[in-house]
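Shown next, in structure tokens, is the structure this report addresses.
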Amino acid sequence: MSLADDLPWLAPAWQRLIAYTANDRLPQALLVTGKPGLGKMRLALAFAQRLLCRSPSDEACGICASCLLFQAQTHPDLQRVEPIEAGKPIIVDQIRGLIEKLALAPQYGGKRVVIIAPAQSMNISAANSLLKTLEEPDAHTLMLLLSDDPHSLPATILSRCQRLNIVPPTRDLALAWLSRKGVAQADALLTLAQGAPLRALALAGEDAIERRSGFFSAWQAVGAKRQDPLSVADRWQPSSTKTPPVSCESLTEWMLSWTQDLIRLRAASAQADLDNPDLRPGLQALSEKLDLKAIYAFLDRLLAARQMLTGQVNRPLLLEELLILWSRLQRH
């Protein structure tokens, strides 16, 4: 099955990539952006295989020596640069090592592809080290930078890349795709995933609906001062006994979504369209106890926290801080 058939919302982006090759106008550096769960890495890998394939059509042939090496993850002309550990930055030594490899000719005499993901995780030294390579591109090399948060990249990097934005599918298309995958509670999961089908599919295997409901109950209890925010934060750390763990990123996104719904309820009351319609009764009760100015202040802090989570930050401490701040919002 082709990539566009398997992930149909990627068809426009795939056609644009194929047009680059058909018109011999492939850029030296391409920044692929879009929210998590849309398939940016799937797209990048499929296009890398297509470029390295010995007998390509619109897709890689899948059977030539190059494709077999690619499928075995041993192709010498594919370089991937990622954080050594999840949540850590891409450091300058990794970029320097990449540059040393790029000084050599492609081993198969054709194209070479570099995938850097997530690009925004490069620290300043790493980004500056990459800049010279972007300024003096190798005609044989395509640099693919993948980013969920391109605004975190230095302007000097952004200005040297062509941009390809992956747009989420319509809700109907996403729900139909999840239905074909046999996902139950697809509508709620797609809401949790902010419209990203692959993220919704992953959440389906993580008991996400139940865990979200559990965290919402704890969040309500913290706001009402029935539970201590520090004990709740400790209970929801990834180091807890929960398997698989709930990331600080997910917990922050949940709180952000609930806070935005609180603002909608204050603005339009019962008529408001919510991101979390299944939690409407609890959210309605909360909205009646909170000052609108305080809700907006908490929203600003959550947005700042989301930005911080794209880099190096003490996640347990950040979650504690957010829950302590939330515990101080309700009027009694």
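Quick notes on this structure:
- Look at the dipole of the chain built from charges on Cβ: of Trp258, Cys67, Ile166, the Cα furthest out on the positive end belongs to Trp258.
- Part-to-part distance (alpha-carbon centres) for the stretch 290-332 and the stretch 82-100, which is given in Å: 30
- Per-residue Cβ neighbour counts within 10 Å put Tyr20, Tyr296 in the sequence Tyr296, Tyr20, beginning with the fewest.
- The stretch 191-250 and the stretch 253-273 have their alpha-carbon centroids 18 Å apart.
- Cβ-based charge dipole, the chain, positive-most Cα from Ile115, Phe47, Phe215: Phe215
- Comparing Glu320, Glu136, Glu206 in a Gaussian network model of the chain where C-alpha atoms under 10 Å apart are linked, the largest mean-square fluctuation is found at Glu136.
- Nearest 10 degrees, 0 to 90: helix 208-223 Cα axis against the chain principal axis: 40
- When each of Lys40/Lys181; Lys35/Lys88; Lys35/Lys289 is checked by Cα-Cα distance, pairs over 22 Å: Lys35/Lys289
- Note on the chain: GNM, Cα springs under 10 Å; of Met122, Met308, Met41, the largest mean-square fluctuation is that of Met308.
- Estimated distance in nm for a label pair at Asp278 and Gln330, the labels positioned 7 Å out from Cα along Cα-to-Cβ: 2.2
- Scanning residues 5 or more positions from Val32 or on other chains, those with amide H under 5 Å from its amide H are Leu145, Leu146, Ser147, Leu164, with H placed 1.01 Å from N in the peptide plane.
- Rounded to the nearest 20, the Cβ-based charge dipole of the stretch 3-165 about its Cα centre (Lys and Arg +1, Asp and Glu -1) stands at 120 debye.
- Percent RCO, i.e. relative contact order, over the stretch 76-218, from Cα pairs under 8 Å lying at least 6 residues apart: 18
- A simple spin-label model places the labels of Gln237 and Met1 4.1 nm from each other, with each point 7 Å out along Cα-to-Cβ.
- Here the gap between Gln271 and Gln312, fully extended at 0.36 nm per residue and compared with their Cα-Cα distance, gives a gain of 10.8 nm.
- Total charge dipole magnitude, the chain, about the Cα centre, Cβ charges on Lys, Arg, Asp, Glu only, Debye to nearest 20: 260
- Placing +1 on the Cβ of every Lys and Arg and -1 on the Cβ of every Asp and Glu, with nothing else charged, gives the stretch 235-332 a dipole about its Cα centre of roughly 240 debye.
- Residue order, fewest to most beta carbons within 10 Å, for Thr252, Thr259: Thr252, Thr259
- Within a Gaussian network of the chain (alpha carbon springs, distance under 10 Å), most fluctuating of Arg301, Arg112, Arg180: Arg180
Each value in this text was obtained by applying a stated rule to the coordinates, not by laboratory testing. On a predicted model such as this, the values are computed, not experimentally measured, just so you know. Because the Cβ atoms are built from the backbone with ideal geometry, glycine has one as well, and the counts that use them run over all protein chains shown.
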